[in-house]
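Here the structure comes first, spelled out in structure tokens, and everything after it is commentary.
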Amino acid sequence: MSDFSTRTTGSGVVVVQPTGRLNMVAAPALRKQLNDIVDGGTSRIVVDLSATEFIDSSGLGALIAALKIARNAGGDLRIAAPTQQVCTVLELSNLDRVLRSYASADSAFDE
Amino acid sequence: MSEYALDAQTGPDTLEEIQRTLEQAWSEGNVADDTKMCIELAVSEIATNIIEYSGDGKPVRLRMVVDVRPDSVAVNFTDDGHPAPVDLARITMPGEAAESGRGLALAHRVLDELSYSRDPDGNHWTLIRRRSE
């Protein structure tokens, strides 16, 4: 499976944009991609969820695993622009506080 | 109101086939977006469980039936894998740091009924959500 598109902002934050459905099919690839980004020396990551139409516990697991890896490396993982479905699943799983969402990927590390 | 069924040997495409079957079911009956979202999430969680664990990673025969009723949506799964070691009375949402184990808890939270039984045909899961419209 090919990687999701990434870009680096002016302040050196890597933005990853998963598309489609983050389920057991797509989650392992996202998990590996985020892991590789931290291994490559960047620990400030934004996952732009504006094109993620669906997430389930497999997708949440990939985000939590990457959040821990990024924080262990001295950085953080933040999420931006989640769709309504993603917001609902974050609330249902009580993860909306640990994975706080920001309006846009470019401003997620401004504060 | 009618039923939509899928018979599959589980594999990498199964979740997509399941989602297509749900979308066929949504094409009738004016099911509210909130109801659809809850069913799609619960179905993904239970199907993932069956695909990953019922055959220990090997394919199993799976049958899904979606029943769009006037007052609820019911989804039944049957598979010929080994018994699922679940106790639905003891489902809890794992803590923030857990990387897995949320699937059944999420399904339970968005459904009005979630049940599991085992008989000579295999495993049976029943998922019911009342329609909110």
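The values are calculated or read from the model by the stated rules, or taken from the named source; none is laboratory data. In this text, all values refer to a predicted model and were calculated from it rather than measured experimentally. Backbone-built Cβ (ideal geometry, glycine too); neighbour counts: all protein chains shown.
Miscellaneous remarks
- Taking every residue in the stretch A:89-111 that is more than 14 Å from chain B (Cβ to nearest Cβ) and pairing it with any residue that is of a type in the set (Val, Ile, Thr) and in a loop (DSSP other than H, G, I, E, B), at least 6 positions away or on another chain, the pairs with Cβ-Cβ distances below 6 Å are A:Asp106/A:Thr9; A:Phe109/A:Val13.
- Members of the stretch A:47-83 found to be of a type outside the set (Val, Ile, Thr), over 22 Å from B:Ala47 (Cα atoms) and buried (at least 24 other Cβ atoms within 10 Å of the Cβ), listed by number: A:Asp48, A:Leu49, A:Leu67, A:Leu77
- Per the listing A:Ser43, A:Ser93, the residue uniquely among the hydroxyl-bearing types (Ser, Thr, Tyr) and more than 22 Å from B:Ala42 (Cβ to Cβ) is A:Ser43.
- Hits in the stretch B:43-67 - residues which are modelled with pLDDT of 95 or more, over 14 Å from B:Val86 (Cβ atoms) and not polar (S, T, N, Q): B:Val43, B:Ala47, B:Ile51, B:Pro59, B:Val60, B:Arg61, B:Leu62, B:Arg63, B:Met64, B:Val65, B:Val66, B:Asp67
- Scanning the stretch A:34-44 for residues that are surrounded by 19 or more Cβ atoms within 10 Å (Cβ to Cβ) and within 18 Å of B:Glu99 (Cα to Cα) yields a total of 2.
- Test: residue in the stretch A:41-61 that is more than 14 Å from chain B (Cβ to nearest Cβ) and touching a Lys or Arg at 6+ places or on another chain (Cβ under 6 Å): yes
- Being more than 19 Å from A:Leu60 (Cα to Cα) and of a type in the set (A, V, I, L, M, F, W, C) holds for only one residue in B:Val66, B:Val43, and it is B:Val66.
- Taken over the stretch B:68-95, the criterion of being within 10 Å of the chain's Cα centre (by Cα) and at pLDDT below 95 is satisfied by no residue.
- Subset tally (residues that are within 14 Å of chain B (Cβ to nearest Cβ) and either touching a Phe, Trp or Tyr at 6+ places or on another chain (Cβ under 7 Å) or at pLDDT 95 or above (or both)) for the stretch A:1-29: 10
- Restricting the first member to the stretch B:107-125 and to residues that are modelled with pLDDT under 95, and the second to residues that are part of a strand (DSSP E or B), the beta-carbon pairs closer than 8 Å and six or more apart or on different chains are B:Asp121/B:Thr78.
- Hits in the stretch B:101-133 - residues which are among the polar types (S, T, N, Q) and outside any loop (DSSP other than H, G, I, E, B): B:Ser115, B:Ser117, B:Asn123, B:Thr126
- Cβ pairs under 8 Å, 6+ apart, first in the stretch A:1-25 and under 15 Å from B:Pro12 (Cβ atoms), second among the acidic types (Asp, Glu): A:Gly20/A:Glu53; A:Arg21/A:Glu53; A:Asn23/A:Asp56; A:Met24/A:Asp56; A:Met24/B:Glu52; A:Val25/B:Glu16
- Residue count for the stretch A:45-73 satisfying the condition of being over 20 Å from B:Ala97 (Cα atoms) and either among the aromatic types (Phe, Trp, Tyr) or free of Cβ contacts under 8 Å to residues at least 24 places away in the same chain (or both): 1.
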